[in-house]
Amino acid sequence: MGKLRDKLFEDVRFEEGLKACMNCGVCTAICPAAEFYDYDPRRIVSIVQTADDETIIDLLKSETIWYCGQCLSCRTRCPRNNTPAYVIMALRKLSQEMGYFTESEKGRQQLALKRTVGDNVLKYGYCIYPAELTPSKHPEQGPVWEWVHKNSQAVYDRLGANLDKLGEGALRQIDNETLKELDAIFEITGNNDFFETIENYSEKQAEKMGLGFDDSHDCEYMKHITTVNEKKHQR
Amino acid sequence: MRAYDTKYQTIIIGGGIAGMTAALQLYKFGIRVLIIEKEDNLGGHLNKWYKLFPGFVNADEVVSNIVSEINDKRIHNITSDEVISIDSIYDNYIVKTSSGHSFEAESVLLAQGFNTFDPTKKEEYGYGLYSNVKTSVEVEKILKEHSNITIPKRIGLIHCVGSRDEKAGNLHCSKLCCVSAVKQSIELKERFPDAEVICFYIDLRMFDNGFEELYMEAQVEHGIKFIRGRLSECSENIDGSLVLKVQDTLTGLPMNVSVDWLVLMVGKEAAKLPNLDKSIDLKLAPNRFVAPENIFYNPNQTSQPGIFCCGTVSGPKTIHESAADAKAAAMSIIDYLNRK
Amino acid sequence: MSGFGFSISKSSTIEYKPEEFHLANIIEENEPTSRLCISCGSCSATCTGGEFAKLRMHYIHLYVKRNLTDKIREELQNCMFCGKCQLVCPRGVNNRNIIRLLWENI
Amino acid sequence: MSKEKRDIWRKYQKSIGDDNFFFVRSCIRQNFFPASEQAFLHILRNELGKNVVEDARHTTCSGIGYHSDVVNFDTLQTIIARHFALMTEAKLKNVAISCVTSFGLYSEVLETWKEFPSELEKTRENLYKATKREFEIPENIAHCSDIIYKFREEIKNKGKNRLVNAETGEPLKIVDHIGCHYAKIFPEYGEGGAEFPQVLTGMIESWGGQTVDYPERRHCCGFGFRQYLVQANRGYSVSNTYKKLQSMEPYKPDMIIANCPGCTMFIDKWQYTISEMEHKTFGPDKTGIPVLTYEELAGLVLGYDPWDLGLQMHQVSAEPLLDKMGIKYDKDKKFADKSGKIFSIPKQPEYIL
C-alpha cells in the first residue's frame, strides 16, 4: 500500500502482531493503558491495517503510540490472533529511526530511557543498577529503599549478594571481557547506531525548544522530558 | 422389538428436523427409509428448545407434528442408537450401530446436525467456575421448565461465544446466535420484567425474514439494551455477582458492567462423523462441517457418490432452512436412486 | 507528602449503572424512539453544525445512555436545531425531540 | 476455593526440568530481593540436592530496554543466544530463569525461531561475529517459580511452618499475582495457562494457605516499563496497582505473593506512595498488605530466618504476617549488618506501618 507499511512488515513483530481486526474491543477492555490514557489498542490495529503512509506518519508523530505499557494482555484475548503490543513496538521503532519521536511529549522521553536503561546495559551489564536508582529521582520508592541505597554495601553483604565484586552472585561486577562482548553484540546488531540516532534527533529537538543539551542526566532537556506532563493524555 | 429390514434404499443418520423432513419427502416418493437417532426421542436439538424465533412458536409443537406424521406413515426409525461406522460395499453402504445393528443402504443421508461449543474452552468467561454463568442451551431449559430460581436484576447475553474466534478453533459465524439472543432477551425480560437485559454483540446479523423486526421489537417494546463490544473477561464480585469487562467500542471507552446472570450464546460446531472406511472420500469444509460436492449445482451431494447431506451437518441453518434443505436432499437422492 | 512528580490518574472506564443514569431514563421515557438508534452515523454525516464544529448526534445518543453528561454538553452547544438528523434517520428516531429534552433536562 | 474451582485452575500441566539447571538472574530481583535468589539456590542445592550452575559471565537479557524500545529485537535475540551459548558450554539443557519478563522473552525468542527460521540463522551469525560463540537451543526453559512449584510437596514435607493462622488454625488468605509476561504471551509456557495460572496457587494450597479469587486478579501491576521508568508517566503505574488493591481489599487478604520481581516490588512500594498521596492503607490499623516473593514464602515454610530472607527490604512491614504465622524473629536484628551490628534504620513513614 505504501512504503512505510512495507517497512513495518519487515519487522517480524509487525507481521506476527497484525492479522485482521474485527473491531471487537477485547484488547481495549482489559488494557491497563486504555483506562488511564487516551489510548485504544483496537483503533491502533484498525488504523494500521488499512493505513496509507500519511496516516502512518501521523501515528509515528503521535502521543498515543507511547501509552502502551507492554503488558501484552491484549495478545492473550484477541480472537483473531493479533498482538496490538507488538504492532506498537514496530511503530515505536520506526518512529525513532525516522526521527518522528521527538515531535511528541511522550516520544521525546526515549532519550531518557536510552540514557538510563540503555546505557546501564553497556556500562554494568544490567538494565537496573542500585547506585543509579537515586532516592531523589525515585521518591516513590520510600524510606526503606533510601536506607538500602545509602548503606548498599552493608545491606547487600548481609543478604549474601556480591555487589560490585567479581565472581558469581547477585549484583556481581560483570567482567570487562563480557562487557566487551555485549558491546560487540550492540555494534553488530545496530543498537549502537540506534542509540546515536536517538541522541542526534534529541539534540536537534533540544535546540529547537531552546533547552540546554549535554550528555549528562541533568541537562535542561533531560529534566524537561522526564518531568513535564503538559499535554492532555487522559480522556 | 419391532422388525427392521436388512436393506434400505436410504438410511438417514439423525432424527432431527432435517432427517425427519427428508424421510417424509422420500416416503412420499415410495423410497424405503430408516432413520437412526442417537437420543431417546426423535426431534433433535428442538427437544431442548423452548420457543422458536421469530414467531415464538413452541418447539414442542413443531416436533410433535412432524413426529406424529412419521409415526402415522410408519416410517422405520431407531432411537437411542448411534451410527458408529459406514463401509462401502460395491455401490452400496453398510451402516453399523453401537447396539450391534448392521444395515445395507443404497444411499446414506447425513443429517446428524451440529454440536454446541464447549464454553469451558473460553476460560476467561468463567463457565464452570462461577455458577451464574450459563449457556444459551441452559437458558432454554430454564425458560421451558419454569423452574424456581433467584430472580436476576441484570442479565448480560454474550454473542459469538466460540464463533468467529481463532483461539476457540472456529473462524466461522454460527449465524443463529444473534437472533437467538434477541429472542431469549425478550423471553427473559418477559419472565423477569424488572430485570435489565443487555446484549453484547460485535455485529448483529439479522439476515432472515422477521429478524430485523424482532430486533426492533426488542429495542422499543422490551427496552433490551445493545452494547457493541466483545466480552474480554468475566470475574466474580465478593457478593457473587459478575463483573464483565468489555470495550464500549462505539464510544471507544472501556466499560465494566455488573450482572447477576451471564448468558453465553454458544456457537455451532460440526457434529462428529461415524468412522468411514478408507475408500469413502468425504470432504469437509475448513470449518469441519461437511462440504457439498458443489454448493451451487449440487448442494446436498457430498464428495462421495451415494452419501448426501442436509440440515446443519453442512453448516448452521435455521429450522426452515433445514427443512427446505431436507426436501431438496430428498429430491437429489431420488434422482440418484433412479439413475442407479 | 506531595512532590512525587506525578499523581493518581482518573479512570476513564464507564461503570455501567443505568439505574443511576437519570438523564437516560428521562429520554427513554419521553421519547421511546431513542431506543432505536443503531449508531449508523447518518445523522452525524448530514449534520450542518457538525461540518464546522464538534457535533455528532449518534455520539450524543451513546453519551446519554452512558451518562457522560460533560461530553453531551460539549456536543450539544453546537446544535442549530435544523432537524436534518431526523430526516435521514433510517430507524425513525425523533432526534429533534431528544435534543429538546436534553436542553431542558441537562 | 471450591473443589470445582480448584480443578479448573489445575488444567494445564507443562513440562519442567528435573535437575541440572543453568541459572540466569533477574535485574530487578537481584536489586530488590537479592536474598530471594540466594534462597532459591539454597533450596535447590541444599534442600533438594539439585545441580544448579551459575556462570558469572551471564548478563541482563536486556528485556527492560527491549520493552522500553531502546534495545532492538535483533540485539535482544543475540544476548539471549549468548546465554544459550554459556549454557551449551556448561553442557546443560535446562534454563532456570529468575525474571518473568526474561522468561517471556526467552519464550518469545524460541517461538520466533520456530516461526521465522531466518531469525535464528541471523542470530547465530550475529552472535558468532560478535563473540565467536555458538549455541544449542535449550530443551526446557522454566521460570524459577515453576521449579519451586514442581517440588512444592518436598518443600512441604521438610517444612517447619504452614500458611495458617497460628492462633485460629484457619488457612491464610493469599492473593497470587502472576505477572503478565509469565503466560499471557505464550499460555502453553505457563503452568495452568494464561487464565488459570496454577504456579503460585499450587504452592499456596500445598503449604496450607487459601487463594483469593478477586475481580482484578489477572490485571497488570502497572509497571509498564517506560510508564514507570520516566517520572512524568508514573501516574499510570501507581493507578493500576491502586486499582488492584481496591479490588482485593474486601477479601481482607493476609498477604500477596508475586511471581514477577517487578510486580513484587511495585505492589509493595506503591502501598507506601498511595498512603502518602491518599492517606489510604489496605491492611487493618494502618498496616499494608505484605507482598512476598515465592522464594521468601518457601523460605518461611522451611523455617528460615525472616531477616536472612531479606524481608527487611520490603517497605510494607512483614511483622504482622510473621506474628500471624507464629514465626519467631528478633526484631532488633531486622536492620543489622552481617556482623549483627545496627548501623542505621529507615525512617518510619507517616501513614503506613
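The numbers here are math on the coordinates, done by the rules we state, and not lab data. All values derive from a computational prediction rather than experimental measurement. No Cβ is skipped: glycine too gets one built from the backbone with ideal geometry, and neighbour counts run over all protein chains shown.
Residue-by-condition table, conditions (1) touching a helix residue (DSSP H, G or I) at 6+ places or on another chain (Cβ under 7 Å); (2) under 24 Å from D:Val230 (Cβ atoms):
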site	(1), (2)
A:Phe36	yes, yes
A:Pro41	yes, yes
A:Gln49	no, no
A:Asp58	no, yes
A:Ser73	yes, yes
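So C:Ser11 fits all but one of (1) part of a loop (DSSP other than H, G, I, E, B); (2) of a type in the set (Gly, Ala, Ser); (3) in contact with a Leu (Cβ under 8 Å, 6 or more places away or on another chain); what number is the exception?
Among (1) part of a loop (DSSP other than H, G, I, E, B); (2) of a type in the set (Gly, Ala, Ser); (3) in contact with a Leu (Cβ under 8 Å, 6 or more places away or on another chain), the lone unmet condition for C:Ser11 is (3).
Quick one: what pairs do we get from the range D:69-88, first residue within 10 Å of another protein chain (Cβ to nearest Cβ), second among the hydroxyl-bearing types (Ser, Thr, Tyr) and assigned to a helix (DSSP H, G or I), C-beta under 6 Å, 6+ apart or different chains?
Note: pairs meeting the criteria are D:Leu76/D:Tyr66; D:Gln77/D:Thr123; D:Thr78/D:Thr123; D:Ala81/D:Thr123.
Do we find a residue being in contact with a Pro (Cβ under 7 Å, 6 or more places away or on another chain) and of a type outside the set (A, V, I, L, M) anywhere in the range D:235-254?
Going residue by residue through the range D:235-254, those that are in contact with a Pro (Cβ under 7 Å, 6 or more places away or on another chain) are D:240, D:247.
Next cut, of a type outside the set (A, V, I, L, M) only: D:240, D:247.
Yes, because at least one residue in the range D:235-254 is in contact with a Pro (Cβ under 7 Å, 6 or more places away or on another chain) and of a type outside the set (A, V, I, L, M).
Kindly provide the set of residues from the range D:213-256 that are of a type in the set (Phe, Trp, Tyr), outside any helix (DSSP H, G or I) and under 16 Å from B:Ile238 (Cα atoms), ordered by number.
D:Tyr214, the sole residue that qualifies.
One residue is enough: does the range D:320-327 have a residue meeting the conditions free of Cβ contacts under 8 Å to residues at least 12 places away in the same chain and either more than 12 Å from every other protein chain (Cβ to nearest Cβ) or within 15 Å of the chain's Cα centre (by Cα) (or both)?
Going through the range D:320-327, the residues free of Cβ contacts under 8 Å to residues at least 12 places away in the same chain turn out to be D:323.
Next cut, either more than 12 Å from every other protein chain (Cβ to nearest Cβ) or within 15 Å of the chain's Cα centre (by Cα) (or both) only: D:323.
There is at least one residue in the range D:320-327 that is free of Cβ contacts under 8 Å to residues at least 12 places away in the same chain and either more than 12 Å from every other protein chain (Cβ to nearest Cβ) or within 15 Å of the chain's Cα centre (by Cα) (or both).
Write out, first by first residue and then by second, each pair whose Cβ atoms fall under 8 Å of each other, whose residues are 6+ apart or on separate chains, and whose first residue, in the range C:54-78, is over 17 Å from C:Cys89 (Cβ atoms) while the second is in a loop (DSSP other than H, G, I, E, B) and of a type in the set (Val, Ile, Thr).
C:Tyr63/B:Thr251; C:Arg66/B:Thr251; C:Leu68/B:Thr251; C:Thr69/C:Ile106; C:Ile72/C:Ile106; C:Arg73/C:Ile106; C:Leu76/C:Ile106
Of all residues in the range A:122-179, which are more than 7 Å from chain D (Cβ to nearest Cβ), surrounded by fewer than 19 Cβ atoms within 10 Å (Cβ to Cβ), without any contact (Cβ under 8 Å) to a residue 12 or more places away in the chain and small (Gly, Ala, Ser)?
Result: A:Ser136, single match.
Being free of Cβ contacts under 8 Å to residues at least 24 places away in the same chain and surrounded by 20 or more Cβ atoms within 10 Å (Cβ to Cβ) is the filter here; which residues of the range A:53-74 pass it?
Listed by number, the residues that qualify are A:Gln70, A:Leu72.
Regarding D:Leu127, is this residue within 11 Å of another protein chain (Cβ to nearest Cβ), of a type in the set (A, V, I, L, M) and farther than 25 Å from D:Ile28 by Cα? Step through it out loud before you land on a result.
Working: within 11 Å of another protein chain (Cβ to nearest Cβ): yes; of a type in the set (A, V, I, L, M): yes; farther than 25 Å from D:Ile28 by Cα: yes.
In short, yes.
Pull up the range C:19-44, narrow it to residues that are facing another protein chain (nearest Cβ under 9 Å) and free of Cβ contacts under 8 Å to residues at least 40 places away in the same chain, then point me to the one that is farthest from the chain's Cα centre (by Cα).
C:Glu19
Looking only at the range B:1-43, which residues are of a type in the set (Gly, Ala, Ser) and closer than 10 Å to B:Ala111 by Cα? Lay out the reasoning, then the answer.
To start, the set of residues in the range B:1-43 that are of a type in the set (Gly, Ala, Ser) comprises B:3, B:14-16, B:18-19, B:22-23, B:30, B:43.
Those that are of a type in the set (Gly, Ala, Ser) and closer than 10 Å to B:Ala111 by Cα: B:Gly14, B:Gly15, B:Gly16, B:Ala18, B:Gly19, B:Ala22.
Filter the range A:97-121 for residues that are in contact (Cβ under 8 Å) with a residue 40 or more places away in the chain and at the interface with chain D (Cβ under 7 Å from one of its Cβ atoms) and give the result.
A:Gln109, A:Gln110, A:Ala112, A:Lys114, A:Thr116, A:Gly118, A:Val121
Let's see how each residue does on (1) surrounded by 24 or more Cβ atoms within 10 Å (Cβ to Cβ); (2) under 19 Å from the mean Cα position of the chain (by Cα); (3) not β-branched (Val, Ile, Thr):
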position	(1), (2), (3)
D:Glu191	yes, yes, yes
D:Val199	yes, yes, no
D:Ser206	no, yes, yes
D:Glu216	no, yes, yes
D:His219	no, yes, yes
D:Gln227	yes, no, yes
D:Ile256	yes, yes, no
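Assess whether D:Val199 counts as being within 14 Å of chain B (Cβ to nearest Cβ) and farther than 21 Å from A:Asn81 by Cβ.
Details: within 14 Å of chain B (Cβ to nearest Cβ): no; farther than 21 Å from A:Asn81 by Cβ: yes.
No; evaluated as a whole, the condition is false for this residue.
Where residues in the range B:118-166 are assigned to a loop (DSSP other than H, G, I, E, B) and of a type in the set (Asp, Glu), which of them is farthest from the chain's Cα centre (by Cα)? Spell out how you get there, then give the answer.
Start the filter on the range B:118-166 by keeping residues that are assigned to a loop (DSSP other than H, G, I, E, B), which leaves B:118, B:122, B:126-132, B:146-153, B:162-164, B:166.
Next, from what is left, pick out any that are of a type in the set (Asp, Glu): B:118, B:166.
Values: B:Asp118: 13, B:Glu166: 20 Å.
In this case the residue turns out to be B:Glu166.
Mind telling me which of the residues C:Leu87, C:Leu68, C:Leu76, C:Leu102 ends up being within 25 Å of B:Thr249 (Cβ to Cβ) and in contact with a Ser or Thr (Cβ under 9 Å, 6 or more places away or on another chain)?
Numbers: C:Leu87 fails: within 25 Å of B:Thr249 (Cβ to Cβ); C:Leu76 fails: in contact with a Ser or Thr (Cβ under 9 Å, 6 or more places away or on another chain); C:Leu102 fails: in contact with a Ser or Thr (Cβ under 9 Å, 6 or more places away or on another chain).
Only one candidate passes the filter, namely C:Leu68.
Go through the range D:261-353 and tell me which helices (runs of 4 or more DSSP H), entirely inside it, have 3 or more residues that are of a type in the set (A, V, I, L, M, F, W, C) and under 30 Å from C:Gly3 (Cβ atoms).
On the way: elements: D:261-278, D:294-301, D:319-325.
Hits in the range D:261-353: D:261-278.
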